[in-house]
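Peer 1: Quick one: the structure is below, questions incoming.
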Amino acid sequence: MKAERIRDEFEALAEKMGYTIRYERGDFKGDACRIKAENVIIINKLIPISHQNYAFSRIFAEENLSQVSILPVLRSMIDEVRVNSEDLFSKGEQDA
């Protein structure tokens with residue numbers, strides 16, 4: 001699946017989850033926040049689409065998506081971020 005289509009699917013998922021999406025310029029990759037009681041995802045519009053998709057994956061890796069219907073390619077990307085985050089966390093615990 002092309003990166004543009006994956007981004008479109010992440011945008012649809014975000015809307016299904018109640019997020020508003022904003023594409024802005026700045027020194028950031030992307031993240032989620034609350035602005036005046038509104039859940040917002042802000043993505044840097046200057047970074048490549050593949051990096052935008054990774055930002056969406058990071059955001060959704062923190063959500064409970066067990067009851068949400070998601071395309072397998074999105075679920076795979078999100079799960080990969082979760083696994084990598086868990087690996088980093090457990091490595092940090094071992095180093096402590």
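The values are calculated or read from the model by the stated rules, or taken from the named source; none is laboratory data. Everything numeric in this text was worked out from a predicted model, so none of it was measured. With ideal geometry, Cβ positions are generated from the backbone for all residues, glycine too; neighbour counts draw on all protein chains shown.
Peer 1: Could you check the chain for helices (runs of 4 or more DSSP H) lying wholly inside it with 3 or more residues that are modelled with pLDDT under 90? Walk me through it before giving the result.
Peer 2: Values: elements: 3-16, 49-61, 72-95.
Hits in the chain: 72-95.
Peer 1: Mind listing whichever residues of segment 19-54 are more than 19 Å from Lys2 (Cα to Cα) and hydroxyl-bearing (Ser, Thr, Tyr)?
Peer 2: Tyr19, Thr20, Tyr23, listed by residue number.
Peer 1: Sticking with this one: How about segment 45-83: which of its residues are among the polar types (S, T, N, Q) and either in contact (Cβ under 8 Å) with a residue 24 or more places away in the chain or surrounded by 13 or more Cβ atoms within 10 Å (Cβ to Cβ) (or both)?
Peer 2: Ser50, Gln52, Asn53, Ser57
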